[in-house]
Amino acid sequence: TESAVRRVKELLQARPDSLALRIGVRQRGCNGLSYTLDYAKEKKKMDEEVNQDGVKLFIDPKAQLTLLGTEMDFVQD
């Protein structure tokens, strides 16, 4: 979403040494998966690269099928 793009831009501007955000998934207990976001200084060999309105995201290969068809949003309350 536009809100998520703005927030990712803010995060990356605060970390000029980072090239993108990397999205991944981690197995959590018996209830499924949790998502991870990390700063990325380089693209790994099997990362999927997504460019959205000037924002670069890398998707970890283990997360690609899990994230297929999803939309990222940012809400502050």
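If I filter segment 19-34 for residues that are out of contact with any Ser or Thr (no Cβ under 7 Å at 6 or more places or on another chain), touching a residue at least 12 places away in the same chain (Cβ under 8 Å), farther than 19 Å from Val75 by Cα and not charged (D, E, K, R), do I get at least one hit?
yes
Can you name every residue in segment 29-56 that is within 23 Å of Glu2 (Cα to Cα) and among the basic types (Lys, Arg)?
Lys56
Do you know which residues across segment 1-18 are surrounded by 17 or more Cβ atoms within 10 Å (Cβ to Cβ) and touching a Lys or Arg at 6+ places or on another chain (Cβ under 7 Å)?
Ser18
Of all residues being assigned to a strand (DSSP E or B) and of a type in the set (D, E, K, R) in segment 19-76, which is surrounded by the most Cβ atoms within 10 Å (Cβ to Cβ)? Just the residue, please.
Arg22
Laboratory data are not the source of any read-out in this text; all were calculated from the coordinates shown. No experiment lies behind these values; they were computed from the predicted model shown. FYI the Cβ positions are ideal-geometry reconstructions off the backbone, even for glycines, and counts take in every protein chain you see.
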